Amino acid sequence: MNVGLKTQILPANEAAVTAAARCLTEGGLVAFPTETVYGLGTDAANARAIARLYEAKGRPSFNPLIAHVGDIGAGMRIASFNATAQKLAEAFWPGPLTLVLPKTSDCAVADLATAGLDTIAIRVPAHSIARAILRAFGGPVVAPSANLSGHVSPTSAAHVHSDLAGRIDLIVDGGAVAVGVESTIVGCFDTPMLLRPGGVPRGEIERVLGRELARPAEDADTDAGQPLAPGMLASHYAPRTPVRLDAGSVEANEALLAFGTASVPGAEAATAVMDLSPRGDLSEAAANLFGYLRALDTKGARAIAVMPVPHHGLGEAINDRLRRAAMGR
Ligand code: TXA
Ligand code: MG
């Protein structure tokens with residue numbers, strides 16, 4: 001275990017970018033902001049560094065990782081883009097969309113990072129600091145969300161620090177992220193598939209493709225067998241406090257995760273109240289989601305009651321994460 005490492009924290013600037021690139025070159029572990037959540041990056045071609053990364057996250061198994069690249073050209077060196085992939089890359093990169101594609105035969109990414117699959121997940125992040133680090137490093141960087149396995153994804157450097165201090169080399173602090181939920185993952189198979197709802201709403205992707213995205217079979221969502229996107233496992237997003245969904249009232253010793261202005265009975269007696277978006281804005285709610293879950297998880301409440309959140313647009317990703325949080329670990 002890497003516990004005992006000295007974890008440096010640098011404000012996001014040119015010096016931090018240089019330090020991050022050097023650290024990656026040396027096989028180090030660097031947490032950096034992307035527009036979705038903070039990522040824990042390491043050199044995608046360095047199997048030893050990737051093994052350290054899994055160890056630092058405390059991952060129970062070697063889930064496949066997303067390779068972050070600077071542009072579509074760099075993506076094409078590690079994966080084959082079919083027509084679907086090209087359309088989506090042109091429409092949404094840089095941005096919160098990950099494409100699952102066949103690996104090229106000379107793909108430089110270590111097999112450990114793709115968990116032995118013959119496909120690879122790729123994305124071009126939009127965050128200026130992530131892009132600067134990728135440019136300075138010059139190769140693909142694998143980066144899962146920078147949280148301990150089983151915790152919700154980090155949306156600030158403080159979240160990263162509380163999970164991973166002493167386990168990683170460097171945290172680049174770029175402030176709070178903009179999107180707040182992870183990237184949408186689309187499998188660019190013969191039938192394009194929505195593997196994980198996320199920062200790009202399904203409807204926008206379907207509009208570009210001119211067709212509906214398929215959903216993987218429900219049984220892909222269980223521990224049985226190899227799921228298409230193992231991140232869909234129920235345990236992925238659970239806080240320690242039980243989560244109660246679609247709450248119409250707050251019960252004794254519950255904390256409330258609210259949405260919108262409507263008040264619910266019992267709210268005045270709640271252990272704590274946080275409102276994802278008082279004005280009912282789904283992108284604001286997404287940006288607040290993981291930080292508020294983390295904060296409410298520390299209040300010693302018996303449960304976190306969550307008011308209903310609409311399902312359209314980013315609401316699909318928000319409800320997906322809430323459902324996983326409610327399944328517990
Ligand atoms: O927004 C994001 O995507 C963030 C930032 C840091 O980029 N990253 C992220 O990574 O959420 P992670 O490791 O927490 O989730 C990656 C997901 C997992 O569910 C994994 O199973 C899936 O991507 N995945 C990776 N490679 C895959 C593949 N070849 N086929 C299917 N799913 C894959
Ligand atoms: Mg994650």
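Take Lys6 and tell me if it is within 22 Å of Ala165 (Cα to Cα) and away from ligand 2 (no atom under 16 Å from the Cβ). Yes.
When Ile129, Ile133 are screened for being more than 19 Å from Ala287 (Cα to Cα) and crowded, with 18+ Cβ neighbours inside 10 Å, only Ile133 passes.
Scanning region 263-282 for residues that are at pLDDT 95 or above, touching a helix residue (DSSP H, G or I) at 6+ places or on another chain (Cβ under 7 Å), open to solvent by 40 Å² or more (accessible area, probe 1.4 Å) and not in a strand (DSSP E or B) turns up nothing. Each residue in region 23-54 was checked for being of a type in the set (A, V, I, L, M, F, W, C) and in a strand (DSSP E or B), and 4 pass.
I'd like to check something: does region 203-210 contain any residue that is β-branched (Val, Ile, Thr), open to solvent by 10 Å² or more (accessible area, probe 1.4 Å) and touching an Asp or Glu at 6+ places or on another chain (Cβ under 7 Å)? No - not one qualifying residue is present in region 203-210. Of all the criteria given as (1) assigned to a helix (DSSP H, G or I); (2) within 21 Å of His159 (Cα to Cα); (3) among the basic types (Lys, Arg), the one not satisfied by Arg323 is (2).
Considering region 156-168 alone, what residues qualify as being crowded, with 23+ Cβ neighbours inside 10 Å and more than 16 Å from ligand 2 (Cβ to nearest atom)?
Here is the first cut: in region 156-168, the residues crowded, with 23+ Cβ neighbours inside 10 Å are 157, 159-160, 163-164, 168.
Ala157 - this is the single residue of region 156-168 that is crowded, with 23+ Cβ neighbours inside 10 Å and more than 16 Å from ligand 2 (Cβ to nearest atom).
The single condition among (1) surrounded by 17 or more Cβ atoms within 10 Å (Cβ to Cβ); (2) in contact with an Asp or Glu (Cβ under 7 Å, 6 or more places away or on another chain) that Ala286 does not satisfy is (2). Of all residues in region 92-115, those satisfying the criterion of being over 18 Å from Pro197 (Cα atoms) and either within 10 Å of ligand 1 (Cβ to nearest atom) or of a type in the set (A, V, I, L, M, F, W, C) (or both) are Pro102, Lys103, Cys107, Ala108, Val109, Ala110, Leu112, Ala113, Thr114, Ala115.
Scanning region 134-155 for residues that are among the aliphatic types (A, V, I, L, M) and within 12 Å of ligand 1 (Cβ to nearest atom) turns up Leu134, Val141, Val142, Ala143, Ala146, Leu148, Val152.
Looking only at helices (runs of 4 or more DSSP H) that fall completely inside region 79-179, which ones have 2 or more residues that are within 11 Å of Tyr38 (Cβ to Cβ) and among the aliphatic types (A, V, I, L, M)? Steps first, please.
Details: elements: 83-92, 128-137, 157-164.
Helices (runs of 4 or more DSSP H) meeting the threshold: 128-137, 157-164.
Screening Asp169 against (1) within 13 Å of ligand 1 (Cβ to nearest atom); (2) in contact with a Leu (Cβ under 6 Å, 6 or more places away or on another chain); (3) under 24 Å from Thr18 (Cβ atoms) leaves a single unmet condition, (1).
The values are calculated or read from the model by the stated rules, or taken from the named source; none is laboratory data. Since the model is a prediction, treat every value here as computed from it, not as a measurement. No Cβ is skipped: glycine too gets one built from the backbone with ideal geometry, and neighbour counts run over all protein chains shown. Accessible surface is based on the protein model in full, side chains and every heavy atom, while ligands, DNA and RNA are left aside. Shrake-Rupley method; radii C 1.70, N 1.55, O 1.52, S 1.80 Å.
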